[in-house]
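The values are calculated or read from the model by the stated rules, or taken from the named source; none is laboratory data. The structure presented is a predicted model; accordingly, all values stated were derived computationally and were not measured. Virtual Cβ from ideal backbone geometry, glycine too; neighbours counted across all protein chains shown. Heavy atoms of the whole protein, side chains included, go into the accessibility calculation; ligands, DNA and RNA do not. Shrake-Rupley method; radii C 1.70, N 1.55, O 1.52, S 1.80 Å.
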2 protein chains.
Amino acid sequence: MPIAKTRATPYYAVIFTSIRTPGDNGYEHMADAMVEAAAKQPGFLGVESAREEIGITVSYWDSLESIAAWKNDAMHQVAQQAGRETWYASYKTRICLVERDYEFSRI
Amino acid sequence: MPIAKTRATPYYAVIFTSIRTPGDNGYEHMADAMVEAAAKQPGFLGVESAREEIGITVSYWDSLESIAAWKNDAMHQVAQQAGRETWYASYKTRICLVERDYEFSRI
């Protein structure tokens, strides 16, 4: 997974920070499917994800409307419910306006 | 590292996404020192971090002024330069206004 090549600011970010319950219980499969499905949504700009003690997934979007549409997507709703029932001990979701960005690369 | 207990919205987030160069080269020591130093800065609200293929560190702040002050901190400037010269192949920094948040916990 590379650093997301998002467009010029402003755009939106959803920071999803989570702590998992023990065991996989189908999580990895669903997480991969959710990233794949999110990438097909209108207004999707990119995603970045890493997990150690906590997991952080940041998805980038063109508007609050696109974020709301993805939150309400039928398959995503099923995954969200399974997240609360099975996969996550706790999580926090933050909806953010990306006002400014800058980058560095050796290449 | 728990999920950051940030205050009520609005507040700011700095999403720092990076790809490391091979080898430690003093990185872990400096990274720990930077988190410790950031936590002592005025306006610091919390930090979350995880690394797999990419590293994601999100720090939370009360204002753009606090973010600018930390960026310009003398020790942090030294670390930023070493980051560009040694530790990072590439990185992207995004300055964000957190407009809304919500959370879930089993406990």
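Measuring label to label, 7 Å along Cα→Cβ, what does B:S105 give against each other copy in nm, shortest first?
Ordered by increasing distance: 4.0 nm.
Give me the residues in the stretch A:62-95 whose solvent-accessible area, probe 1.4 Å, is reduced by at least 20 Å² once all protein chains are included instead of the chain isolated.
A:K71, A:R84, A:A89, A:S90, A:Y91, A:K92, A:T93, A:R94, A:I95
Express in % the proportion of alpha carbon pairs of chain B at distances exceeding 17 Å. List each step's numbers first, then the result.
Numbers: 3132 of 5671 pairs.
The proportion of pairs with Cα distances above 17 Å equals 55 percent.
A:T57: net charge of surrounding residues, Cβ under 9 Å, Lys/Arg +1, Asp/Glu -1, itself excluded? The partial results should precede the final answer.
Values: positive: A:R51; negative: A:E48.
With Lys, Arg at +1 and Asp, Glu at -1, the neighbours total 0.
Quickly work out the B:M75-to-B:R100 label distance, labels modelled 7 Å from Cα along the C-beta direction, and quote it in nm with one decimal.
3.9
How large a share of the accessible area of the stretch A:16-107, in percent, is made up of carbon and sulfur atoms when the probe is 1.4 Å and the other protein chains stay in place?
Working: 2550 of 4680 Å².
Carbon plus sulfur share of accessible area: 54 percent.
For A:D32, go 7 angstrom from Cα along the Cα-to-Cβ vector, then report the distances to that same point in the other copies in nm, smallest first.
Values, ascending and in nm: 3.5.
Determine the total buried accessible area between chain A and chain B, counting protein heavy atoms only with a 1.4 Å probe; round to the nearest 100 Å². Provide the component values of the computation, followed by the final result.
Details: alone 7620 and 7620 Å², together 10900 Å².
For chain A against chain B, roughly 4300 Å² becomes buried.
With a cut-off of 8 Å between alpha carbons and a minimum separation of six or more residues, what is the relative contact order of the stretch B:11-107 in percent? Before the final figure, lay out the partial values.
Details: 127 pairs, mean separation 46.0, N = 97.
The normalised contact order for the stretch B:11-107 reaches 47 percent.
Could you do me a favour and compute the accessible area per residue for chain A, 1.4 Å probe, result in Å²?
Values: 5460 Å² over 107 residues.
Each residue of chain A exposes 51 Å² on average to a 1.4 Å probe.
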